[in-house]
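What follows is a single structure, written as structure tokens, with notes after it.
The values are calculated or read from the model by the stated rules, or taken from the named source; none is laboratory data. Please read all numbers here as calculations on a predicted model, not as lab measurements. Cβ: placed from backbone, ideal geometry, glycine included. Neighbour counts: every protein chain shown. Note: accessible area is taken over every heavy atom of the protein model, side chains too, but ligands, DNA and RNA are not part of it. Shrake-Rupley method; radii C 1.70, N 1.55, O 1.52, S 1.80 Å.
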Amino acid sequence: MKTLLSLFLSALLLLSGCTQAQQTPELKQYNATFLTLFDTVTTMVGRAPSEEVFRETIQPVHDALLEYHQLFDIYNEYEGINNLKTINDAAGQNPVQVDKRIICLLNDCKEFYTATGGAVNVAMGSVLQLWHETRSEGRDDPLHARLPDMDALRAASSHTDPECIVIDEKASTVYLSDPEMRLDVGAIAKGWATQKVAETAPAGLLISVGGNVCATGPKDETGTPWVVGIQDVDDMESYLHTIYVTQGCVVTSGDYQRTYAVDGQLYHHIIDPNTLYPSTHWRAVTVVCDDSGTADALSTALFLMSQEEGQTLLDTYHAEALWVAPDASLMYSPGFQDMIRT
Ligand code: AMP
Ligand code: MG
């Protein structure tokens, strides 16, 4: 993996024929924000000799994320692309030929379903759609905000068997054999895409896709780690902790994200497949591990289960976690505290 500096130096040497020692430029930290990816805020931070070089370096990272955004979108169509919406729209009708990246994501999602004992299920789209609709309506018209109808939730939940996601690797097709089933990869896709993009991105970048944070190596040549803040659940201006990350990923699932109020009570977006209601185990769970897709899946999974069950999953994936309990007390996996800065 090339660093921002080495990319710049190779270009410089090609142009001038000068030696590296004579031309070592002073690097400064730059950052960029994008609002066009995954319906969230994406930021990238890194060091470069100039803003222009930084922008040139991160453009391919942005472009790759945009491709994933379009492929994994369940709400919008894009000309010339079969995406997850195309698959959902063809449920019960026909297989859809798709990019290998969709097949790869769905294979991983099926594995996470098994590994998390069914807690994280991307075939729950029909259930999640009911929550999505009432949340959107409730946000637009707070006085008439309502909860999804329980009978409708129960009916939708009988169309969530991941076995009905039929993948033909050779033909590169996906077919939802249950006409009422819909995919929703919101629990995994941002982190998964961030991981894929980070694998080929220059070293020394800190990429955050809606809080799915991934460091592609230390901040500078002396190995300085990045410092990542973990959001306070009650005060969006403060952090519970800041932690050191050199190469790895930090992902949080929280009850303060994508909420709406009904009769003064807040309802969030992570739905327990057993109750079909927002999970109440935790206020937030942060997971740190070396793979962003795994971290994303695990943060959602741990949010939906007891600390004990969560710890067993963490051990399987060599990951660490911070749980914020309903009374706002904090619990840590054994290795988490070693990463804490403040
Ligand atoms: P995250 O913020 O990564 O924890 O993911 C939350 C998103 O995942 C929600 O906005 C839904 O799109 C989706 N989701 C919610 N509950 C579940 C679940 N039990 N299994 C799979 N996806 C879910
Ligand atoms: Mg997640």
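Measuring nothing but protein heavy atoms, the accessible surface of the chain at 1.4 Å probe radius is 49 percent carbon and sulfur. Prolate is the label for segment 238-340. Its Cα gyration tensor axes, ordered a ≥ b ≥ c, give a/c of at least 1.5 and a/b above b/c. Scoring 121-129, 149-157 by mean Cβ neighbours within 10 Å over their residues and listing the highest first yields 121-129, 149-157.
Using the Cα centre as the reference, give the magnitude of the dipole from point charges on the C-beta atoms of the chain (Lys, Arg: +1; Asp, Glu: -1; all else neutral), rounded to the nearest 20 debye.
Values: 20 positive and 46 negative charges, 154 e Å.
About 740 debye.
How long is the gain from V262 to Q247 if the chain were fully straight, where each residue apart is worth 0.36 nm and the alpha carbon distance is subtracted? Provide the component values of the computation, followed by the final result.
Working: separation 15, 0.36 × 15 = 5.40 nm, distance 4.13 nm.
Full extension from V262 to Q247 adds 1.3 nm.
What is the sum of charges, Lys and Arg at +1 and Asp and Glu at -1, for the other residues whose Cβ falls under 14 Å from the Cβ of G293? Intermediate results must be reported in sequence, preceding the final value.
Details: positive: R101, K110, K190, K196; negative: D108, E111, E199, D290, D291, D296.
Around G293, the charge tally is -2.
With contacts defined as alpha carbon pairs under 8 Å and 6 or more residues apart, what's the relative contact order of the chain in percent? If you can, show how the numbers build up before the last one.
Working: 663 pairs, mean separation 51.4, N = 342.
Relative contact order of the chain: 15 percent.
Estimated at 0.36 nm per residue, the fully extended path between T316 and E180 surpasses their Cα-Cα distance by 45.6 nm.
When nucleic acids and ligands are ignored and a 1.4 Å probe is applied, I87 ends up with an accessible area of around 0 Å².
For T33, the solvent-accessible surface computed with a 1.4 Å probe is close to 80 Å², ligands and nucleic acids excluded.
Among H159, H318, H241, the order of accessible area from largest down is H318, H159, H241, computed with a 1.4 Å probe on protein heavy atoms.
Charged neighbours of L266, selected by a Cβ distance under 13 Å, balance to +1 (K, R count +1; D, E count -1).
Placing pseudo-labels 7 Å out from each Cα toward the beta carbon at R55 and E26 gives an inter-label distance of 2.2 nm. Taken about its Cα centre, segment 135-249 carries a charge dipole of about 300 debye when Lys and Arg each add +1 at the Cβ and Asp and Glu each add -1 at the Cβ.
The solvent-accessible area of W192, taken with every protein chain present and a 1.4 Å probe, is close to 10 Å². A straight Cα-to-Cα reach below 23 Å connects K196 with the lysines K2, K85, K100, K110, K170, K219, residues fewer than 8 places away in its own chain not being considered.
By how many degrees, 0 to 90 and rounded to 10, does the Cα axis of helix 51-71 deviate from the longest principal axis of the chain? Helix 51-71 sits roughly 20 degrees off the main axis of the chain. Ordered from highest to lowest accessible area with the whole protein assembly present and a 1.4 Å probe, L322, L27 read as L27, L322. Helix 100-115 and the longest principal axis of the C-alpha atoms of the chain enclose an angle of approximately 60°.
Counting only alpha carbon atoms, the long axis of helix 125-140 and the longest principal axis of the chain meet at about 80°.
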